[in-house]
Amino acid sequence: MSEEPGPTVFIVDDDDSFRDSLEMLCTSVGLQVEGFASASEFLEQARLEREGCLVLDIRMPGMSGLELQRELGVRGAHWPILFITGHGDVPMAVTALKAGAYDFLTKPFPHQELLDRIHAALRQDAAGRSLEERVEQLAERYEKLTPREREVMELVVAGQANKVVASRLGISQRTVEIHRAQVMEKMAAESLAHLVRMAVALEQQQDA
């Protein structure tokens, strides 16, 4: 069974020579890279769950870079996108940033500047995936709580003392202590502060 490729720089540009030069630049510093001549080719061949970032020409025949950005959003792919633009494309690049793009570079640009921004985009992708995985794990743990344990957790993270929780829920303080211990164990919380941070992360996920 072959191993899953590591983080990859996906380059989408219809200019063959420019795309090839970017591929060689990335390869020269040990980055994994794949090039595509059009947005449609990229959508047909790239696996959207792969780790990495996207270096994307904002103007291309057929589907433009902005249209590809929108399509990726529809498909639930959230790679950091670094747009490559001409001087006249800056307003378009600003539109792309407002729609969630990571950054843009205007031609011509120093090779090192591109590499620095690619590395930053890859770090952002890794951090985002790590956060998503942690929140998914928290959600799985939360699903294992009983309805009563969830009620206790809600009041505990709001700062309520055990006796107040007992009064609010109409149960004994000892029962609250038992439920609280179960919540801490099932959520794998090391402290009350840790449990509060978990609750905040879960709430942010629900609001997203």
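No value in this document is a laboratory result; all are computed from the given coordinates. None of the values given here were measured: they were computed from a predicted structure. As a convention, Cβ positions derive from the backbone with ideal geometry for all residues, glycine included, and neighbour counts pool all protein chains shown.
In order along region 66-76, phi translates into HN-Hα couplings of 5, 5, 5, 4, 5, 5, 5, x, 4, 7, x Hz, rounded to whole numbers, per the Karplus curve 6.51 cos²θ - 1.76 cosθ + 1.60 with θ = phi - 60° and x for Gly and Pro. Taking Val183, Val94, Val29 as the candidate residues, the one with maximal mean-square fluctuation in a Gaussian network model of the chain, Cα springs under 10 Å, is Val29. When the chain is treated as a Gaussian network with alpha carbon springs shorter than 10 Å, the biggest mean-square fluctuation among Asp13, Asp89, Asp57 belongs to Asp89. Maximal additional length on extending the Gln137-Gln112 stretch stands at 5.2 nm, based on 0.36 nm per residue less the C-alpha distance. Using all pairs of distinct alpha-carbon atoms, the Kirkwood hydrodynamic radius of region 1-128 works out to 14.5 angstrom. Calculate how steeply helix 16-28 sits against the longest principal axis of the alpha-carbon atoms of the chain, using the helix alpha-carbon long axis, and give the answer as 0 to 90 degrees to the nearest 10. Approximately 50 degrees, to the nearest 10. Only Cα sites of region 2-76 enter the Debye sum here, all with the same form factor; the resulting log10 I(q)/I(0) across q = 0.21 1/Å is -0.93, listed in q order.
Each part gets one Cα centre, and for region 89-110 versus region 134-208 those centres are 43 Å apart. Using a 7 Å offset from Cα along Cα-Cβ at Glu51, what residues in region 27-41 end up with backbone N under 13 Å from the label point? Zone members listed by number: 32.
Note on the chain: with a GNM built from Cα contacts shorter than 10 Å, the maximum mean-square fluctuation among Ser38, Ser191, Ser21 falls on Ser191. Charging the Cβ of each Asp and Glu at -1 and of each Lys and Arg at +1, and nothing else, the dipole of region 91-156 about its Cα centre rounds to 160 debye. The smallest convex shape that holds all Cα atoms of region 99-188, its convex hull, gives 130 Å³ per residue. Only Lys, Arg, Asp and Glu carry charge here, each on its Cβ (+1 for the first two, -1 for the last two); on that basis region 117-208 has a dipole of about 240 debye about its Cα centre. Normalised size of region 124-175, defined as Cα radius of gyration per 2.2 N^0.38 Å with N residues, equals 1.56. Think of region 1-112 as having a plus end and a minus end, set by charges on the Cβ of Lys, Arg, Asp and Glu; of Val90, Phe109, Gly62, Val90 sits farthest toward the positive end of this dipole.
Using every pair of separate Cα atoms, the Kirkwood estimate puts the hydrodynamic radius of region 54-126 at 12.4 angstrom. When only alpha carbons of region 88-128 are considered, Rg and Dmax amount to 11.4, 33 Å. In straight-distance terms, cross-link reach from Lys107 covers every one of the lysines whose alpha-carbon lies under 29 Å from its own, apart from those fewer than eight places away in the same chain; here that gives Lys98. Charging the Cβ of each Asp and Glu at -1 and of each Lys and Arg at +1, and nothing else, the dipole of the chain about its Cα centre rounds to 1380 debye. When the Cα convex hull of region 27-69 is projected onto planes of every orientation, the mean area is 3.4 nm².
For Gln32, nonlocal amide neighbours, meaning residues 5 or more places apart or on other chains whose placed amide H falls under 5 Å from its own, are Val9.
Seen from every direction in turn and averaged, the convex hull around the alpha carbons of region 107-148 projects onto 3.8 nm². Alpha-carbon geometry of region 44-199: the Rg and the Dmax are 23.5, 71 Å, given in that order. Site pair Asp20 and Arg129 shows an inter-label distance of 3.0 nm when each label is modelled 7 Å from Cα along Cα→Cβ.
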